[in-house]
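Below is one structure; the comments refer to it alone.
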Amino acid sequence: MTQIPVPDAFAANAVEAVIAAIYLDQGFEVAKKFILKNFEDIIYKAINNQIIRDFKTYFQEYIQRNGSAN
């Protein structure tokens, strides 16, 4: 199967939509658990000023490197 590159903005928008869907379907706590499970390392670095770029740029690069948010 041929992989087609996905623009960073599309990947970020897709993850945002998934988080919103989880929130709307299952509530805040489940959405929070999903976010912390998948993005804890990024959040920790952001809190400790270890990320120079804005969060969305870093998140997009993370998705691009890892191929998904899982």
Report task. Would you tally the residues in region 1-29 being in a helix (DSSP H, G or I), modelled with pLDDT under 90 and loosely packed, with under 11 Cβ neighbours inside 10 Å? Result -> 1
Requested in this report: Output the number of residues of region 41-60 satisfying the condition of being under 20 Å from ASP8 (Cα atoms), in a helix (DSSP H, G or I) and of a type in the set (D, E, K, R).
Outcome: 2
**Report entry** Boolean, ASP25 is of a type in the set (D, E, K, R) and touching a helix residue (DSSP H, G or I) at 6+ places or on another chain (Cβ under 7 Å)
**Finding:** no
**Report entry** Residue satisfying condition, being surrounded by 12 or more Cβ atoms within 10 Å (Cβ to Cβ) and modelled with pLDDT under 95, within set PHE59, PHE34
**Finding:** PHE59
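The values are calculated or read from the model by the stated rules, or taken from the named source; none is laboratory data. Keep in mind it's a predicted model, so treat the numbers as computed, not measured. Reconstructed Cβ throughout: ideal geometry from the backbone, glycine too, with neighbour counts over all protein chains shown.
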